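A quick write-up on the structure given underneath.
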């Protein structure tokens with residue numbers, strides 16, 4: 001969770017706990033005075049005052065408490081309380097709601113790739129893949145090999161038999177870990193489009209002949225993609241939660257009794 005989302009969550013958690021404080025005396029004093037209701041749920045001056053003892057503006061605190069109550073009620077509406085183990089606290093349900101919103105986010109792979117290209121330039125250049133390679137000088141042979149691979153042929157065995165790069169061919173085509181700079185522009189472009197270990201490329205025409213690649217390990221690139229995905233999720237989750245609160249507030253019945261909040 002990024003800084004902005006974490007801040008949003010912590011802010012909500014700090015005020016949600018005030019909606020159900022313990023240890024307040026059941027008297028008829030000012031602490032029990034209702035300062036606001038959210039769809040019928042009361043927020044008392046005592047709850048606001050408890051937070052005020054730690055510093056802050058009372059109206060801002062009340063606003064955060066209203067937001068927290070709206071999120072809590074939405075979590076109940078979605079039935080998220082049924083997914084949590086007892087005891088179920090308000091803050092737990094709001095966390096569950098935030099996770100539910102995060103799960104609904106779909107980040108396209110292209111957007112992740114674009115983010116990496118713009119924001120992780122050096123890390124992207126340094127990230128390495130582990131590849132196998134088969135290199136031949138005739139395209140017809142490369143096409144036959146690709147057909148064998150498509151039919152379930154073993155890449156390492158085919159590399160030993162067919163690859164004309166005898167050094168790597170003897171090792172089942174293993175190139176080891178290579179970066180974009182190691183591969184060159186055209187080969188790197190194809191290699192870094194491979195996403196799953198075992199995935200095989202199309203035939204690549206190179207100055208040395210015709211090459212077929214197989215991805216065997218992408219852990220370094222996967223870590224980079226994970227970081228990019230997380231940054232994008234944090235960005236969109238902040239906006240999604242802001243929009244959700246606007247929608248909930250527009251539909252809610254909120255009454256604020258302002259007299260007690262005035263100096």
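A few points about this structure:
- None of 54, 42 is at pLDDT 90 or above and surrounded by fewer than 23 Cβ atoms within 10 Å (Cβ to Cβ) except 42.
- Filter result for residue 250 (surrounded by fewer than 12 Cβ atoms within 10 Å (Cβ to Cβ) and in a helix (DSSP H, G or I)): yes
- Test result for residue 56, outside any helix (DSSP H, G or I) and either assigned by TED's automatic domain parsing to the domain that holds residue 249 or within 23 Å of residue 256 (Cβ to Cβ) (or both): yes
- Hey, residue 37 closer than 24 Å to residue 250 by Cβ and modelled with pLDDT under 90 or not: no
- Identification of strands (runs of 3 or more DSSP E) wholly contained in segment 141-226 with 3 or more residues that are touching a helix residue (DSSP H, G or I) at 6+ places or on another chain (Cβ under 7 Å) and buried (at least 19 other Cβ atoms within 10 Å of the Cβ) yields 209-217.
- Output for segment 125-140, where each listed residue is in a helix (DSSP H, G or I) and surrounded by 11 or more Cβ atoms within 10 Å (Cβ to Cβ): 125, 126, 139
- Residues of segment 29-39 satisfying the condition of being in a helix (DSSP H, G or I) and exposed (fewer than 13 other Cβ atoms within 10 Å of the Cβ): 30
- Sole residue being within 30 Å of residue 39 (Cα to Cα) and surrounded by fewer than 11 Cβ atoms within 10 Å (Cβ to Cβ), chosen from 78, 91, 122, 104: 104
The values are calculated or read from the model by the stated rules, or taken from the named source; none is laboratory data. All values reported here derive from a predicted model rather than from experimental measurement. Quick reminder, even Gly has a Cβ in these numbers, built from the backbone with ideal geometry, and neighbours come from all protein chains shown.
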